[in-house]
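Below: the structure, in structure tokens.
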Amino acid sequence: MGAGYSSEKELLDQIFNLKFTSKQLARSANKCVKDERSEKLKVKKAIEKGNIEGAKIYAQNAIRKRTEQLNYLKLASRLDAVVSKLETQSKMNVVNKNMAGIVKSLDRALKANNLEDVSLTMDKFEQQFESLDVQSECVQEAMGNQQAMSTPEDQVNDLMMQVADEHGLETAMIMPNAGVGNQTQQVAAPSQTQQEDDLSSRLAQLRGP
């Protein structure tokens, strides 16, 4: 075994802990899915009561939960990749002192539930693996930077419209101008038909009896 670990058992324990944490992240992602559904249900109820501002708040919460869920899944996937590379290197007896120190730092960050430190520590892992041509692809920045408090208004409106459509609710009060485009098209259509009829009449006159 490399110089960084006093025993093979110590390394195996670290790998086990990392795998366990990956499963915890996956469970957190599943919880976010449930929370998102709950917030979308609140959107529905708020729309039914005509509480559009409340519906917007619940829609923002739902979108944040969806973002958190994706971040948890990406972080879990990234952690799985790191563990896989670590297992490979341990079998090749090339776990050096620097990498061993990084593993311990990652373990401390995980125990402290500091996801930003976890992500940054995995950056160091990937730098170590780069020289061995087994670098894991970096899929996201730290979790804390990804969970912005604000959400794009168009996403909020889209989600509210989606919930309203799914439950057959009136959408006019959500986006008063939502049907303007369709109405314009409907008004334009008869005009085009009339033009075609006029053209047909003129052609018929040219052909004569």
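The values are calculated or read from the model by the stated rules, or taken from the named source; none is laboratory data. Just so we're clear, the structure is a prediction, and the values are computed from it rather than from any experiment. All Cβ positions, glycine included, derive from the backbone under ideal geometry; neighbour counts span all protein chains shown.
Could you list all residues from the stretch 35-73 that are out of contact with any helix residue (DSSP H, G or I) (no Cβ under 9 Å at 6 or more places or on another chain) and in a helix (DSSP H, G or I)?
The answer is E48, and nothing else.
Identify, please: which residue in the stretch 21-60 is in contact with a Phe, Trp or Tyr (Cβ under 8 Å, 6 or more places away or on another chain) and among the small types (G, A, S) and is, among those, surrounded by the most Cβ atoms within 10 Å (Cβ to Cβ)?
Of the residues in the stretch 21-60, the ones in contact with a Phe, Trp or Tyr (Cβ under 8 Å, 6 or more places away or on another chain) are 25-26, 28-29, 32, 39-40, 42-43, 46.
So of that shortlist, the ones also among the small types (G, A, S) come out as 26, 28-29, 46.
Values: A26: 16, S28: 17, A29: 18, A46: 20.
Filtering first and then ranking leaves A46.
Given the criterion at pLDDT 90 or above and of a type in the set (A, V, I, L, M, F, W, C), identify the matching residue among A3, A29, A81, A76. Steps first, please.
On the way: A3 fails: at pLDDT 90 or above; A81 fails: at pLDDT 90 or above; A76 fails: at pLDDT 90 or above.
Sole residue among the options that is at pLDDT 90 or above and of a type in the set (A, V, I, L, M, F, W, C): A29.
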